[in-house]
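Structure first, commentary second.
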Amino acid sequence: MRLFFARIRDIFHILAKFLTKDIWALDFSELSTARKNMIKSLQAILLTARDFARDRVGREAIALSWFTTLAFVPMIAVILFISNGFGFDQYLYNTLTESFPTNTQLVQVIIEYARNMIKETESGTFGWISFLSFVWTIVWLMINIEIAFNRIWCVREPRKLWRRVTVYFAIMFVTPFVLILLFSGWAWYARFIGLLEGHLGMFNFITTNMFWLAFYGVVVLALSVMYKFIPHAKVRYGSA
């Protein structure tokens, strides 16, 4: 039994030495294409794990989740405030409820909270101070997102303050239009999937897979765009 545990310990030391030292000194010219690709993939996994711990990505994710939760309703309020100025706030509301038919009540609650924030602006100076504090919450969220992405790409020098403020307010102004296009397309896609379900019979599982595939594609596209344009660095789209 002692020899067995000694053997296990030796294997563990050999594996640890390979993963920490030997893997970085390999001569790829002596390896086949399959082994070369496998070693490169393993190196990428090791670098990801090391940098994840070193850069405290978990803490950044928790912080961003907290700021996003804090700024979510104020963000909806600002979006409704801007869309109301252009006269399509009701269309945005209808599009949101149509895009989330199974969560209509939750959408209504969020919209109601956001509208109450907007109504506070009618109460005079204190109402506007409250509304501006909500806007600052959104700006603070964007600042923290940019800081986190700059850390991911090892960017030491952030954008100048005036450029950051300009970009943040431009994003807040453009977001209602982007959301209308996105959720209008999503609602049309949901209706299309609903029509297919009535004609596929036993193959209805295809529509479910199509729905999640489209959702996955939208998430990947959104995250890749964020990884490319948020950091203060030139990022290749393939890397993003």
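Throughout, read-outs are computed from the coordinates displayed, never taken from laboratory work. The structure displayed is predicted, hence computed values, not measured ones. Neighbour counts run over all protein chains shown; Cβ positions are idealised from the backbone, glycine included.
Details
- Loop trypsin sites (Lys or Arg not before Pro), the range 99-194, which have at most 14 other Cβ atoms in a 10 Å radius of their Cβ (DSSP): ARG156, LYS160
- Estimated FRET transfer efficiency when R0 is 22 angstrom, pair PHE229-THR48 (beta carbons, to 0.05): 0.50
- The value given for the range 85-125 is a Kirkwood hydrodynamic radius of 11.3 Å, derived from the mean inverse Cα-Cα separation.
- Look at where the Cα atoms of the range 1-64 and of the range 69-87 average out, and the two centres are 46 Å apart.
- Residue separation of VAL165 and PHE72 scaled by 0.36 nm, minus their Cα-Cα distance, works out to 31.6 nm of gained length.
- Sequence-distant contacts, meaning Cα pairs under 8 Å at least 6 residues apart, place the relative contact order of the chain at 19 percent.
- Prolate/oblate/rounded call for the range 2-50, Cα gyration tensor, a/c under 1.5 rounded: prolate
- Point-to-point label distance, VAL57-ARG151, nm (Cα→Cβ direction, 7 Å offset): 1.3
- Shape metrics for the chain, restricted to C-alpha atoms - Rg then Dmax, Å: 24.8, 81
- Most positive-pole-ward Cα, TRP212, SER224, MET75, against dipole of the range 56-229 from beta carbon charges: SER224
- Gain upon complete extension [GLU112, ALA214; 0.36 nm per residue less C-alpha separation]: 33.8 nm
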